[in-house]
Amino acid sequence: MRRPPEAFGLIARLLNQIFPSRCPSCEGATDSIRYAPLCRGCWGSISRYAGPSCTVCGVPFTSTDARICSACILHPPPFSKTLSYGLYESSLADAIHAFKFKGIRRLHRPLGDLLLSLYPGGADALVPVPLSIEGLRQRGFNQSLLLAHHVSKKTGVALEMDGLVKVRDTHPQIGLSAKERAANLRGAFRAARDFRGERVVLVDDVMTTGATAAACARQLLKAGAADVVVLTLARAGSP
Ligand SMILES: [Zn+2]
Ligand SMILES: [Zn+2]
């Protein structure tokens, strides 16, 4: 049966809503529902960072001699380890951007699978980095919660979706010194329950300076957590 041309127009428009037409990484046509708007090729180019990095905060190194960065030696962070899938660049950054800022929520599945491949096992609770009520109102969803939910579903580890709350809005951290970042986040997060003796995995999409993860981990330790490991998709900062 031949469809009239207007039906084709409708189907094309519908398809275009599902598949934004161009891949943000290569500008080529989008060819996958699972990874859209990224094309299969660009998604396939996302690779796990294999270079040297700080075992505590995950910052990438150029040297292969050091294991812990000077910042972590001078001021040990409250978390014990950071596991990041890749560097915040290329197609991984494009995918996170589409997920977080373009509201393409279904990307939490393939992105969540990347986190799943890092999950070290043995955790008692998965806690997403929370947004403030104002942040949630602006974005409409918490990207870290969707990622943590995916990992929880696949591993069976309890998701503590309100384990941490962000009690006040904070300024963007960009351009602030380490001291200013800490001051900006002081009192911003609060643990909503007792975590006594629990091994907690804190889930976030991107780790930039580690100040947010540190502020969250500090509250979890204060609530009795035995250990906090940070799990993120990408680590900003170049080797
Ligand atoms: Zn592409
Ligand atoms: Zn470090």
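Laid out as a table, the results:
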read-out: Length-normalised contact order of region 111-168 in % [C-alpha pairs under 8 Å, at least 6 apart]; value: 49 percent
read-out: Amide H within-cut-off set for L164, under 5 Å, with H built and near neighbours excluded; value: A192
read-out: Within region 32-104: Cβ-based charge dipole about Cα centre, in debye rounded to nearest 20 (Lys, Arg +1; Asp, Glu -1); value: 280 debye
read-out: Rounded to whole Hz, the Karplus (6.51, -1.76, 1.60) HN-Hα couplings of region 140-151, x for glycine and proline; value: x, 7, 9, 4, 5, 5, 4, 5, 5, 4, 5, 5
read-out: Accessible carbon and sulfur surface of the chain relative to its total accessible area, %, 1.4 Å; value: 54 percent
read-out: Kirkwood Rh and Cα Rg combined as Rg over Rh, evaluated for region 42-169; value: 0.98
read-out: Proximal aspartates and glutamates to K81, defined as alpha-carbon separation beneath 12 angstrom and excluding residues fewer than eight positions away on the same chain; value: D227
read-out: Nonlocal amide H pairs with S84, under 5 Å, H built at 1.01 Å; value: T232
read-out: Per residue solvent-accessible surface (Å²) - the chain, probe of 1.4 Å; value: 53 Å²
read-out: Under DSSP loop assignment and at most 15 Cβ neighbours within 10 Å, longest GluC sites (Glu not before Pro)-free interval of the chain; value: 90-239
read-out: 30 Å Cα-Cα threshold exceeded, pairs from K154/K179; K179/K222; K100/K166; value: K154/K179
read-out: Kirkwood hydrodynamic radius over Cα pairs of the chain, then Stokes diffusion coefficient at 20 °C and 1.002 mPa s, in µm²/s; value: 113 µm²/s
read-out: Positive dipole terminus of the chain, leading residue within A226, H75, A36 (C-beta point charges); value: A36
read-out: About the Cα centre, charge dipole magnitude for the chain (Lys/Arg +1, Asp/Glu -1 at Cβ), debye; value: 440 debye
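The values are calculated or read from the model by the stated rules, or taken from the named source; none is laboratory data. Predicted model, so just to flag it, every value in this text is computed and none were measured. Cβ atoms come from the backbone with ideal geometry, glycine included; neighbour counts cover every protein chain shown. The area values use the complete protein model at the heavy-atom level, side chains included, leaving out ligands, DNA and RNA. Shrake-Rupley method; radii C 1.70, N 1.55, O 1.52, S 1.80 Å.
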